[in-house]
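The values are calculated or read from the model by the stated rules, or taken from the named source; none is laboratory data. This structure is a prediction, so every number in the text was calculated from the model and none was measured. Cβ placement follows ideal geometry from the backbone for every residue including glycine, while neighbour counts extend to all protein chains displayed. Remember, those area values only see protein heavy atoms, side chains included, never the ligands or the DNA or RNA. Shrake-Rupley method; radii C 1.70, N 1.55, O 1.52, S 1.80 Å.
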Amino acid sequence: MTSTESETYLSVERVTKRFGAFTALSDVSFTARRGEFLSILGPSGCGKTTILRAVAGLEPQDEGVVRLKGRDVSTMPVSKRHVGIVFQSYALFPNLSARDNVAYGLRKDLKDRRALAERVDKLLALVGLEAAGNKYPSQLSGGQQQRVALARALALSPDLLLLDEPLSALDAQVRVMLRAEIRALTQRLGMTTIMVTHDQEEAMTMADRILIMNQGRLVQNGSPSDIYEAPASPFVASFIGSMNFVSGDMHWDSRTFHRGNLSVKIDRDVSPFGKEAVAAIRPEDIRVSTNGEAGPNVFEVEVDNVEYRGPVYRVTMRLPFGGGQTLPLVADITADQARRTGVSGRTRAKAILPADRVHLFRAEA
Amino acid sequence: MAQANQAAGAALPAADTFDRELWLKRALILLVSAWLVAVVILPLIQLLSKSLFDNHGVFVGLANYVEYFTTPELRRSIGNSVFVSVTTTVISVTLGFLFAYALTRTCIPLKGAFRGLAMMPLFAPTLLNGIALIYLFGRKGLITRGFFGAIPGFDIGLYGSTGIIISEVIFTFPQAMLILSVALRMTDARLYEASQSMGASRLRTFLTVTLPGVKYGLISAIFVCFILAFTDFGAPKVVGGQYNILATDIYKQVIGQQNFTMGAVVSVVLLIPTVLAFVVDRIAQRRQVALIQAKSVPLTPKPDKQVDGFYLAYCSFISLLILAFFATAAYASLVKVWPYKLELGLWHYQFRGTGGGGYGAFFNSVRMACYSAVVGTAVTFFSAYLIEKSRGMRALRQTSYFLSILPLALPGLVIGLAYIFFFNAPGWTFGGITIPNPFNWLYATMGILVLSNIVHFYSVSFLTATTALKQLDKEFETVSESLGVPFHITFFRVTVPVCLPAILEIAMYYFVNSMATVSAVIFLYSADIPLASVAIANMDDAGDIAPACAMSMLVVLANVAVRLLYGLLTRKVNRRTQAWTRR
């Protein structure tokens, strides 16, 4: 939260929400700049939809403040917050045509029929549905329904666009296409947007900033690359992408991590960590070699299996650390690398863990 | 609420934080609860308290109950009522189960026709069941006299428990059949495949898969049949003879002996098993919900010559019986003097020289049924909408929900009697302060008749509306709110059009039942507003059975006409709905 006061468009400050004995949101704070696209990501039940509903004014928070354009809107009902919402189910009115759905919120302000028709045409064009205006929702494809819902939410030029799992009901291909479309649209309109999703790829490709939530808490807030490259906790690391974890001891003076007779060199600041720590590395950061390579962080491994995954191969290995014990380790290598090394199951190989790619986490009790 | 930090950020004007919609909804739900308390709870309290006072208004505690239980003639009715209802329930549920099974699990032809015929008794006043039985098995009955002497006659001893049980079976059979059809339709084909793949016999499959699957439906059917038979008044009045049951006792105490106190006591006695059955049924229903939500593969019956043959014969037999039953009544209403002059004509449809009110009464009933349908449907649907589709206010909504399904436990006679006490009371005195009765003006008007019908048939309509509303996306209201559209606009533009089939069904249900009911209105009608069903009872009392039968046929005709109209409208609505879904 480095943005200065003047840049802050939306700010959520220490919001807590309880449902009976269950704490759905616990002290959640974040801000958004004008035009920023935030994505709230987390497993189901983490509170991501609840925070969206609190920002919308649908589930007023028990504690904390929501500010929009500098005004405290905490006690304001949804009807006055000027937010556009797209729900997972789209909630299109089945008995109204696409046009009438889009015009639904406009009718009370635009009494002039021609002005109304023009505005609706413009909105339909915005989402690329000029031709489908007179169709009923059930006559539209899932992707088209999604666009109608988006046009309806944008109709009143809201201050904030809230998307609740907007793409989860769609086919994979349509989803990929709509991701780019929604992103381009919000950028063009300069629309500040919050999208809730459980799909990490969706969040990574669309958002300027990702907020990761777990058990009602905000656990990390950063750009997609920050979150991927420097996950704040093992939870984040395993939730975004995959990660190998090893728990062991830190030796500060030598900047090495130990488990049994295994010693891993670490090339990053180790001061925040105690004696016990968790080392981690992403599968795609591990290199696999079959020639006599030597040096720091090169380890003898037993390859169990090489699994074909299209663009990459996943290599499942065991890393011995003394006393006949082994640690499981997976690496993703490119098809090219796989060909060159000729690595295959039930053989021995070398695994190289680049010192600057090893992450460290505090050991959790 | 929010611990607003007002230091930074502008404070909002009060108008921006006031959620008019929310408060309006709250007020309306409160109003719904208040109205249900006023028309259900308060009259019941009045009835209960009446049973604790003597006829001069002196508090006597449980003395009336002591008197009731020490009077053998009165006490005997409890056993009689239980016997009649249990027997009815056993027969009805068995017959209904077989019929429902035939309609849902076999490949017999003419399912639609069988279903339609089986539902016929729903359109008739139960008084007609008794009257038709008199024409079949009475002293001059078709069977008793062997078809006017053509074959040797056979007297079943109709008057008494036999007649009551046959009438009630006819009355409750369609209900059992409908409930069990729903239960039998909701099954998972995979269970049957699993059972067959393990080589289970038919009987074993039936005992281990079919019966457990319809357990809750069966419980529901048993309790519904029991309540209906236990509280029905029409048929026992006509064919009960000297066989007293609780429902006829209430009538005799109140109308015959003007002993309102004892009427209240019998009502409370009638209410106890009914409320118990209601509670058990609600628990069973709640369990069933979980069953519906499970993902399952629908079962499509496979043809089987033997099985289909048996069920076709069975359904034809039952349908023929029902058809013959109504045909007899229709024929009897047209015959000049049964069984002596068998010329056909409309003599009995002129209602000359008989009491009851004739066509005036009939059209009063039609008017009353129309009002009940219009007002009842509007009130029920809107209440169900508020309770189902509002956010927050959980305690209030749950209370309203409970109050809405409570009338299911109230027999018509109890509602009628409670309403006499409640609406006729000039006022109430609490600790020296007298509150005048604000509803007193309703007494002896069309209003109280319509009100009693709305309350009497409220719960089933409410549940129909709730089921339909549950199928709508729960975010419709949220979307409208976020677009700043008031909820009443969304209610009329989206909710009502989408729920129109259910709304029509509710209206038809109100009309048909208001036309046919006699139990609640017999205490509430006034001399200047005679009603068809009451006229049937009074003509039957006076021995004018043929005109009573004719009036019953008019009620049936009106109901069948409304049912056809409903079918027509539904088809039209569905055509329009299909416009929304045509690809």
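Residue A:51 - would you say it is outside any strand (DSSP E or B) and either at pLDDT 90 or above or open to solvent by less than 20 Å² (accessible area, probe 1.4 Å) (or both)? Spelling it out, residue A:51 is indeed outside any strand (DSSP E or B) and either at pLDDT 90 or above or open to solvent by less than 20 Å² (accessible area, probe 1.4 Å) (or both). For residues that are away from chain A (no Cβ under 14 Å) and of a type in the set (D, E, K, R), scanning just region B:346-392, find the one that is surrounded by the fewest Cβ atoms within 10 Å (Cβ to Cβ). Step by step, filter region B:346-392, then rank; the result is B:352.
Being of a type outside the set (Ser, Thr, Tyr), open to solvent by 10 Å² or more (accessible area, probe 1.4 Å) and over 27 Å from the mean Cα position of the chain (by Cα) is a description that applies to residue A:117.
Consider region B:129-142. How many of its residues are more than 17 Å from residue B:341 (Cβ to Cβ) and open to solvent by 50 Å² or more (accessible area, probe 1.4 Å)?
Selection size over region B:129-142: 1.
Only one entry of A:168, A:138 meets the criterion of being part of a loop (DSSP other than H, G, I, E, B) and surrounded by fewer than 21 Cβ atoms within 10 Å (Cβ to Cβ), and that entry is A:168. Taking the condition closer than 20 Å to residue B:405 by Cα, in contact with a Phe, Trp or Tyr (Cβ under 6 Å, 6 or more places away or on another chain) and not in a strand (DSSP E or B), does residue B:452 pass? So residue B:452 fits the description; yes.
Sort out which residues of region A:34-46 are farther than 11 Å from residue A:194 by Cα and surrounded by fewer than 23 Cβ atoms within 10 Å (Cβ to Cβ), and write them in order of number. Within region A:34-46, A:34, A:43, A:44, A:45 meet the criteria.
Just checking, how many residues over region B:461-478 are within 7 Å of another protein chain (Cβ to nearest Cβ) and buried (at least 22 other Cβ atoms within 10 Å of the Cβ)?
Residues meeting the conditions: 1.
Candidates B:515, B:508: the one that is within 21 Å of residue B:361 (Cα to Cα) and in contact with a Lys or Arg (Cβ under 7 Å, 6 or more places away or on another chain) is B:508. Listed by first and then second residue, the pairs linking a residue in region B:479-490 that is surrounded by fewer than 20 Cβ atoms within 10 Å (Cβ to Cβ) to a residue that is modelled with pLDDT under 90, with Cβ atoms under 8 Å apart and 6 or more places separating them unless they lie on different chains, are B:484/A:79; B:484/A:80; B:484/A:108; B:486/B:21.
Within region A:61-74, the set of residues being assigned to a loop (DSSP other than H, G, I, E, B), open to solvent by 10 Å² or more (accessible area, probe 1.4 Å) and facing chain B (nearest Cβ under 7 Å) comprises just one member, A:70. The single residue among A:142, A:222 that is free of Cβ contacts under 8 Å to residues at least 40 places away in the same chain and within 14 Å of chain B (Cβ to nearest Cβ) turns out to be A:142. Every listed requirement among (1) acidic (Asp, Glu); (2) surrounded by fewer than 20 Cβ atoms within 10 Å (Cβ to Cβ); (3) within 13 Å of chain A (Cβ to nearest Cβ) is met by residue B:505 save one, (3). Mind listing just one residue for me: the one in region B:195-215 that is open to solvent by less than 40 Å² (accessible area, probe 1.4 Å) and outside any loop (DSSP other than H, G, I, E, B) and, of those, modelled with the lowest pLDDT? Only one residue fits best here, namely B:213. The residues on offer are A:237, A:184, A:180, A:232, and the sole one that is outside any strand (DSSP E or B) and open to solvent by less than 20 Å² (accessible area, probe 1.4 Å) is A:237.
Taking the residues in region A:258-290 that are hydrophobic (A, V, I, L, M, F, W, C) and over 30 Å from the mean Cα position of the chain (by Cα) as candidates, determine which candidate is nearest to residue A:333 (Cα to Cα). So the residue we want is A:264.
Residues are listed down the side, and each one gets a yes or a no for (1) away from chain B (no Cβ under 13 Å); (2) at pLDDT 90 or above:
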{"residue": "A:112", "(1), (2)": "yes, no"}
{"residue": "A:118", "(1), (2)": "yes, yes"}
{"residue": "A:124", "(1), (2)": "yes, yes"}
{"residue": "A:128", "(1), (2)": "yes, yes"}
{"residue": "A:150", "(1), (2)": "no, yes"}
{"residue": "A:154", "(1), (2)": "no, yes"}
{"residue": "A:165", "(1), (2)": "no, yes"}
{"residue": "A:168", "(1), (2)": "yes, no"}
{"residue": "A:180", "(1), (2)": "yes, yes"}
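When residue B:444 is tested against (1) in contact (Cβ under 8 Å) with a residue 60 or more places away in the chain; (2) open to solvent by 30 Å² or more (accessible area, probe 1.4 Å); (3) among the aliphatic types (A, V, I, L, M); (4) over 29 Å from residue B:366 (Cβ atoms), just one condition goes unmet, and that condition is (4). Residue count for region A:318-364 under the criterion of being farther than 22 Å from residue A:266 by Cβ and not in a strand (DSSP E or B): the result is 14. In region B:120-140, the condition of being β-branched (Val, Ile, Thr), closer than 22 Å to residue B:303 by Cβ and at pLDDT 90 or above is met by no residue.
For (1) among the charged types (D, E, K, R); (2) more than 22 Å from the chain's Cα centre (by Cα); (3) outside the structural domain of residue B:236 (by TED's automatic domain parsing), each residue gets a yes or a no:
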{"residue": "B:84", "(1), (2), (3)": "no, no, no"}
{"residue": "B:90", "(1), (2), (3)": "no, no, no"}
{"residue": "B:112", "(1), (2), (3)": "no, yes, no"}
{"residue": "B:134", "(1), (2), (3)": "no, yes, no"}
{"residue": "B:137", "(1), (2), (3)": "no, yes, no"}
{"residue": "B:140", "(1), (2), (3)": "yes, yes, no"}
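For residue A:202, the criteria (1) closer than 19 Å to residue A:43 by Cβ; (2) acidic (Asp, Glu); (3) surrounded by fewer than 18 Cβ atoms within 10 Å (Cβ to Cβ) hold in every case but one, which is (3).
Going by the structure shown, is residue A:89 within 10 Å of chain B (Cβ to nearest Cβ), open to solvent by less than 30 Å² (accessible area, probe 1.4 Å) and in a loop (DSSP other than H, G, I, E, B)? Judged against the criteria, residue A:89 is not a match. Restricted to region B:300-336, and to residues there that are assigned to a loop (DSSP other than H, G, I, E, B) and open to solvent by less than 50 Å² (accessible area, probe 1.4 Å), the residue that is farthest from residue B:181 (Cα to Cα) is B:304.
Taken over region B:216-273, residues that are open to solvent by 10 Å² or more (accessible area, probe 1.4 Å) and not in a helix (DSSP H, G or I) amount to 8. Of all the listed residues (A:339, A:346), the sole one being without any contact (Cβ under 8 Å) to a residue 12 or more places away in the chain and more than 26 Å from the chain's Cα centre (by Cα) is A:339. Taking region A:290-301 as the range and being open to solvent by 50 Å² or more (accessible area, probe 1.4 Å) and either assigned to a strand (DSSP E or B) or at pLDDT 90 or above (or both) as the test, only A:300 passes. Has region A:333-354 got at least one residue that is surrounded by fewer than 19 Cβ atoms within 10 Å (Cβ to Cβ) and in contact with a helix residue (DSSP H, G or I) (Cβ under 7 Å, 6 or more places away or on another chain)? The answer is yes; a qualifying residue exists. Name the pairs: first residue in region A:246-259 and of a type in the set (Lys, Arg), second residue assigned to a strand (DSSP E or B), Cβ to Cβ under 6 Å, at least 6 apart or on different chains? Cβ pairs passing all conditions: A:259/A:246; A:259/A:248; A:259/A:321.
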